[in-house]
1. Residue 209 - would you say it is at pLDDT 90 or above and acidic (Asp, Glu)?
2. Go through the range 164-198 and give me each residue that's touching a residue at least 40 places away in the same chain (Cβ under 8 Å), closer than 18 Å to residue 126 by Cα and outside any strand (DSSP E or B).
3. So is residue 173 surrounded by 13 or more Cβ atoms within 10 Å (Cβ to Cβ) and in contact with a Lys or Arg (Cβ under 6 Å, 6 or more places away or on another chain) or not?
4. What single numbered condition from (1) within 20 Å of residue 11 (Cα to Cα); (2) modelled with pLDDT under 95 fails to hold for residue 110?
5. Would you point out the residue of the range 186-203, among those that are of a type in the set (A, V, I, L, M, F, W, C) and surrounded by 15 or more Cβ atoms within 10 Å (Cβ to Cβ), that is modelled with the lowest pLDDT?
6. Can you tell me how many residues in the range 6-24 are part of a helix (DSSP H, G or I) and open to solvent by 50 Å² or more (accessible area, probe 1.4 Å)?
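The values are calculated or read from the model by the stated rules, or taken from the named source; none is laboratory data. Note that this is a predicted model, so its numbers are computed, not measured. We place every Cβ from the backbone using ideal geometry, glycine too, and count neighbours over all the protein chains shown. Please note that ligands, DNA and RNA were not included when accessible areas were found on the heavy atoms of the full protein model with its side chains. Shrake-Rupley method; radii C 1.70, N 1.55, O 1.52, S 1.80 Å.
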Amino acid sequence: EEVAAYILRHTRLLPRDIVVMGNAIEATLNQRRENRIEMTDGKLRQVVSNVAQSLARETIFSCANEFIASLDYMSDTLSSEDVDELIYAEQSEVNQTILQIKSSIADEIITFMEKIGNRFFDRETLLEALEGSPLHRFDNDENSFFAIENILFRHGLISYQVLEGDDYKWMSTWQQVPYSDRSRLPKNALLYRFHSSLADLVHALYGHEG
């Protein structure tokens with residue numbers, strides 16, 4: 001695999017992801033150059049892995065943030081007593097409570113991915129992984145905007161496969177999918193896959209380091 005392709009597939013090809021990855025590699029190169037140490041394949045792999053894990057975790061946290069943005073979710077999660085306490089609590093306490101909820105959802109998202117256990121999966125496998133999960137909400141047409149698979153799709157962590165003529169093509173939100181179709185993951189796609197940037201955070205998707 002070419003070095004550039006290897007590095008880029010551990011990002012979502014967003015400018016910020018690429019800049020963060022490039023800065024980390026450059027900093028390591030400069031440090032090793034100053035110490036007259038060669039940049040080895042293993043060291044590059046370590047730097048890319050560390051940055052990829054950080055970017056993936058950050059993206060999953062953003063997905064968790066969008067998931068709890070639904071008023072239905074927050075009203076179900078917090079009792080009226082909890083709400084009353086938060087109204088009179090210090091801002092730092094409110095922030096801490098919300099952070100704990102987000103972190104819990106982020107952990108559930110990773111658990112959901114681990115249950116699927118493969119980078120490639122079909123709709124049935126996705127639904128089976130959601131059974132019994134706190135993420136299994138908002139699955140009817142009225143509120144499916146907040147369904148976790150649709151959130152992951154909007155953040156570029158899930159893409160889907162279509163057949164165009166004789167060729168199979170992968171569709172992702174920020175590349176090929178028309179803007180009007182970017183809010184929900186199609187239910188009838190041939191196949192789905194998790195983005196390769198998740199490889200170093202959720203090893204179960206690959207069964208090995210990505």
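1. Working: at pLDDT 90 or above: no; acidic (Asp, Glu): yes.
Here the answer is no, as residue 209 does not meet what is asked.
2. Of the residues in the range 164-198, the ones touching a residue at least 40 places away in the same chain (Cβ under 8 Å) are 174-175, 184, 187-189, 191-198.
With closer than 18 Å to residue 126 by Cα added as a condition, the list becomes 184, 187-189, 191-196, 198.
The answer is 184, 187, 188, 189, 191, 195, 196, 198.
3. Numbers: surrounded by 13 or more Cβ atoms within 10 Å (Cβ to Cβ): yes; in contact with a Lys or Arg (Cβ under 6 Å, 6 or more places away or on another chain): yes.
Yes, satisfied.
4. Just one mismatch for residue 110, condition (2).
5. Quick first cut of the range 186-203, residues of a type in the set (A, V, I, L, M, F, W, C) only: 189-191, 194, 198-199, 201-202.
Among the residues that remain, those that are also surrounded by 15 or more Cβ atoms within 10 Å (Cβ to Cβ) are: 189, 194, 198-199, 201-202.
Working: 189: 91, 194: 95, 198: 92, 199: 88, 201: 91, 202: 92.
Once the filter is applied, the top-ranked residue is 199.
6. First, pick out the residues of the range 6-24 that are part of a helix (DSSP H, G or I): 6-8, 15-24.
Next, only the ones that are open to solvent by 50 Å² or more (accessible area, probe 1.4 Å) stay: 8, 15-16, 18-20, 23.
Result for the range 6-24: 7.
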